[in-house]
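Q: One structure coming up, written as structure tokens, with questions to follow.
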Amino acid sequence: MFNALSTWAKTLMPDRERMVRHRLFGPMIAPLAGRAELWRFTRRTVPRGVAVGLFVGIFLMVPGLQVVGAVLLCVPLRANIPIAAISTFVATPPTIVFMILPAAAAIGNSFGYHADLAAMTALIHRGAGWAEWLAWAGSDAAPALGLGLTLLGLVVAAVGYLAAVRIWSWRVLARRRRRLHAAHLRKAGA
């Protein structure tokens, strides 16, 4: 099952050439594409990529900009770009509406702010203009969501980082055991 999932993920992962040729993101990404360590799957870059992708996916919440934000954050943190890009997809419209925003509002509200998600939902459904959004941003709701999204993103990124480290270690140990078992069988058969 892991191999099938891995194959499927590799078909979705961006590669250097495709990202450089992209008409919107290519000019920003082209200078970064030459750094091969950002594209290698190593025990250090993969967990960093998971953490970057999860944080940006939760904090940014703008579908087109999430991948660009993750790529730009991967450079100073020396994280894996394809893993970060895939990890941003934790924030899909259903998870944003039903999980991320309510959790972020609850976190922000616990710090003394007041985020009223019903008012924000009404602005979205009404197609509010800039003036209404600026008024909402000046209320207690925006700081509550900003603080909540930041803290939620950091916690999820830390958990994702630790999970990726653990999974990487588990896979290395499993490969080592298989090699030792195969060597033992060869010795026993000889």
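Values quoted throughout were computed directly from the atomic coordinates according to the rules given, and no laboratory measurement underlies them. In this text the structure is predicted, and so the values were computed from the model without any measurement. Using ideal geometry, Cβ is built from the backbone for each residue, glycine included, and neighbour counts are taken over all protein chains shown.
Q: Where the centre of each part is set by its Cα atoms, how far does the range 58-73 sit from the range 94-120, in angstrom?
A: The two parts, judged by their Cα centres, are 20 Å apart.
Q: Another one. If I compute Cα Rg over 2.2 N^0.38 Å from the structure I just sent, which labelled value in (i) 1.08; (ii) 1.29; (iii) 0.97 lines up?
A: Label of the calculated value: (ii).
Q: What ranking do 132-145, 109-122, 167-180 get when scored by the average of other Cβ atoms within 10 Å per residue, highest first?
A: 132-145, 109-122, 167-180
Q: Another one. As a check on your grasp of the helix formula, calculate [θ] at 222 nm for the chain: sum -39500 (n - 2.57) over DSSP H runs of n ≥ 4, divide by the residue count, round to the nearest 500.
A: One gets -24000 deg cm²/dmol as the mean residue ellipticity at 222 nm.
Q: Magnitude of the Cβ-charge dipole of the chain, K/R +1 and D/E -1, about the Cα centre, nearest 20 debye?
A: 1840 debye
Q: Assign unit charges at the C-beta atoms only (+1 for Lys and Arg, -1 for Asp and Glu), then state the dipole size of the range 93-190 relative to its Cα centre in Debye, rounded to the nearest 20.
A: Its charge dipole is roughly 1640 debye.
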